[in-house]
Amino acid sequence: MSQKSPKFFLREKVIAQIVNYESLRKTWKKKTHTDFRNFFLPDPIDHLDVNIQIDDICKRIVSKIKSGEYSVSGTKRYLVEKSKGLCRQMTLPSIEDALTLQCLADAFWNEIKSKSPSKNAFFEPKDHTFSKTLDDIPEYGSIKAWLDFQKKIIGFSKKNDFIVIADIANYYDFIDFSHLRNVIVSTVTIREPVIDFLMYMLSGMCWKPDYMPTRDVGMPQIDIDAPRLLAHCFLFELDAVVEDMQFANYARFMDDIDAGVDNIAEAKKIIKSIDLTLQTRQLRLNAGKTRILTYREAWKHFKVLENAILDLFQKKYIEKDLQLAAQRLPSLVLKWHKRRAFDDGNGEKILKRVITFAIKSGANLDREFIYDAIRLRPNIRTSAFRYLSHEGFSVKDLVRINDIIKSGHVCDDSFVMEYAKAICVGKVMVGNEFTKMMLKTIELFETEGFYGLYAALIILYRFAKAKEIIQFLKKHEDSWRHDDHLGRVVGGFAPIARRDGEYTEFSNVVLKSMNRGAKSVQDFHYRVRTDVSFLSPIIGKVSSLDKSFPCGIRLGKWLVLHSILQNEGLPESKKAKIKSVFKGLKDQPHFTVAGL
């Protein structure tokens, strides 16, 4: 039966003004491709196949919308621990859905920004020209907006006797789409069909566990700008209320709300007003995180002194003398650790800055300190893993981190993935003992469900021979053959299988599985290896070092390089140029490329 009413052609024309071939293609090139390169699940070819086929994908999206057949694809979800076992539930959308949603959100961002009732609401889309591997940047949004927010609230602590800090309880989880719709419509000029389509997409991405009835509540948390722009806009009403109360010292970055006041009465008044305003949209302040701080407490909470010391340290050592920075930093970390400077307020933000400085300078931080951070500080784990990947993983590191997994301290999906990603691109020890421990790590990951299997597969790229990999694929065939995400990882083994003389056996495994993702990535590698003309849009993207990565290369780029250098039609002069760029890989254990 048709899903279209007689008036559909009128609505479709309105949607097409926003979501069309040109806007989709622009969004992919400027934002979504970068977002997916840095996505939670590393792709074995960095979605280069999608980049090549983006014209067809955009036309397919437009065609589905025009025919009334567009529907949100099945989404995966993963858990990221915040603290004490409480986890943030993140959404992994399909490329088509992420691209379409981002295109919709971008269409009215400029108008949303101009309609903001407060100049002290600091969120804005992230700058996609910046690398996301820095640890002293916000989890989302632009670096500039985050720094402006930090300067503002530090200013409060210098000007006011009391500081209010507030946080909305489970903000994303309780955003009601009917309220969101009303706020957006009252804020920007947007036609009904467009807002309907936006709500249709958000509803399709909602968590619907156990075949339970759908409730249009809960903004999907995705590592792209689109949902964040909407969540930011949702609080404009709150900004307007506070502005009307004429509180000069007010600042908001998403759901982090701060205000400077001169007495307790003012503090209680603004807290009450914020909470009551939120209640009209079925939201509440988090009672445990909402506090009234004195001037001294605020300085301690925001770590004003520690930030000032790190600013000076950066100018004096990081920017001028990295060797001296490496000598001085460990003693500073030890001093702050002893007085528990990282344990309260913005302490973990300070710790992230410290770890970033350690990576830049090559400072040798105490390993026990790093292990404790991984075990007890979920917000620091990614930074700690990245530090180890730059310093070089040892057998002891693997043993201690594996023991953390076995101890039950890990309750999310993020741990094993971030651990595996750090190993895949990081520096490691040489020797049979390390390789044996890596195999034990893979065995440990096998028991961790979908994300554990994904993590095991990407580690196998680097640390196993094709024959061992094929045995592993056969052992777990029932787990990956019906999943496109895992299938793409399997297809990424194609150049490894060819390098080790096991390509025929590998091809038989992929063919038998009938997995679309595996076949797609295998075919991509085949064309890279055999068709010189196919290389023109690819070779420029994989012919330079990734300087923010420990060994100078991403995992996907490393795999594609195998197939490029296996292409007999590529001129030797071009191969020689690539080899000169990546000659340093020869010195990295388990990171050599056939033909390099």
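Values for this structure:
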| read-out | value |
| --- | --- |
| Within the stretch 18-34, considering residues that are buried (at least 20 other Cβ atoms within 10 Å of the Cβ) and either assigned to a loop (DSSP other than H, G, I, E, B) or among the basic types (Lys, Arg) (or both), the one nearest to the chain's Cα centre (by Cα) | 31 |
| Matching option when the condition is in contact with a strand residue (DSSP E or B) (Cβ under 7 Å, 6 or more places away or on another chain) and surrounded by fewer than 16 Cβ atoms within 10 Å (Cβ to Cβ), among 77, 60 | 77 |
| Residue 470 vs. criteria in a helix (DSSP H, G or I) and under 25 Å from residue 390 (Cβ atoms) | no |
| Sole residue being in contact with a Lys or Arg (Cβ under 6 Å, 6 or more places away or on another chain) and over 30 Å from residue 175 (Cβ atoms), chosen from 329, 310, 324 | 310 |
| Unique match (being among the charged types (D, E, K, R) and touching a residue at least 40 places away in the same chain (Cβ under 8 Å)) among 210, 216, 244 | 216 |
| Sole exception among (1) more than 32 Å from the chain's Cα centre (by Cα); (2) assigned by the TED database to the domain that holds residue 149 for residue 324, by number | (2) |
| Segments classed as helices (runs of 4 or more DSSP H), wholly inside the stretch 497-542, with at least 1 members that are open to solvent by 30 Å² or more (accessible area, probe 1.4 Å) and farther than 18 Å from residue 49 by Cβ | 503-513 |
| Scope the stretch 381-416; condition more than 19 Å from the chain's Cα centre (by Cα), charged (D, E, K, R) and open to solvent by less than 50 Å² (accessible area, probe 1.4 Å); matching residues | 397 |
| Number of the condition not met by residue 419 [criteria: (1) surrounded by fewer than 20 Cβ atoms within 10 Å (Cβ to Cβ); (2) without any contact (Cβ under 8 Å) to a residue 60 or more places away in the chain] | (1) |
| Qualifying residue in the stretch 428-441 (condition: among the charged types (D, E, K, R) and in a loop (DSSP other than H, G, I, E, B)) | no |
| Near pairs, Cβ below 7 angstrom, 6+ apart or cross-chain, from the stretch 524-543 (at pLDDT 90 or above) to any residue that is of a type outside the set (Lys, Arg) and open to solvent by 40 Å² or more (accessible area, probe 1.4 Å) | 532/569 |
| Hits in the stretch 461-478 - residues which are closer than 16 Å to residue 398 by Cα and either open to solvent by less than 10 Å² (accessible area, probe 1.4 Å) or charged (D, E, K, R) (or both) | 462 |
| Residue within the stretch 272-294 that is within 26 Å of residue 238 (Cβ to Cβ), surrounded by 12 or more Cβ atoms within 10 Å (Cβ to Cβ), in contact with a Leu (Cβ under 9 Å, 6 or more places away or on another chain) and of a type in the set (Lys, Arg) present | yes |
| Residue match in the stretch 575-584 (condition: in contact with a Cys (Cβ under 8 Å, 6 or more places away or on another chain), over 22 Å from residue 38 (Cβ atoms) and outside any loop (DSSP other than H, G, I, E, B)) | yes |
| Verdict on residue 102 being of a type in the set (S, T, N, Q), modelled with pLDDT of 85 or more and part of a helix (DSSP H, G or I) | yes |
| In the stretch 35-57, residue surrounded by the fewest Cβ atoms within 10 Å (Cβ to Cβ) [restricted to those that are of a type outside the set (A, V, I, L, M, F, W, C) and part of a helix (DSSP H, G or I)] | 56 |
| Odd one out for residue 207, checked against (1) touching a strand residue (DSSP E or B) at 6+ places or on another chain (Cβ under 7 Å); (2) assigned to a helix (DSSP H, G or I); (3) of a type outside the set (D, E, K, R) | (2) |
| Any pair with Cβ under 7 angstrom, 6 or more apart, that starts in the stretch 424-444 at a residue that is touching a residue at least 24 places away in the same chain (Cβ under 8 Å) and ends at one that is β-branched (Val, Ile, Thr) and not in a helix (DSSP H, G or I) | 434/428 |
| Members of the stretch 63-74 found to be in a helix (DSSP H, G or I) and open to solvent by 20 Å² or more (accessible area, probe 1.4 Å), listed by number | 63, 64, 66, 67 |
| Residue count, the stretch 543-570 (criterion: open to solvent by 10 Å² or more (accessible area, probe 1.4 Å), under 26 Å from residue 422 (Cβ atoms) and among the polar types (S, T, N, Q)) | 3 |
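Let's see how each residue does on (1) over 29 Å from residue 112 (Cβ atoms); (2) free of Cβ contacts under 8 Å to residues at least 40 places away in the same chain; (3) basic (Lys, Arg):
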residue	(1), (2), (3)
253	no, no, no
256	no, no, no
286	no, no, no
295	yes, no, no
298	yes, no, no
303	yes, no, yes
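The values are calculated or read from the model by the stated rules, or taken from the named source; none is laboratory data. Every value quoted in this text rests on a predicted model; they were computed, and no experiment measured them. Every residue, glycine among them, receives a Cβ derived from its backbone with ideal geometry; neighbour counts consider all protein chains shown. Just so you know, the surface numbers come from the protein's heavy atoms only, side chains and all, with ligands and any DNA or RNA stripped out. Shrake-Rupley method; radii C 1.70, N 1.55, O 1.52, S 1.80 Å.
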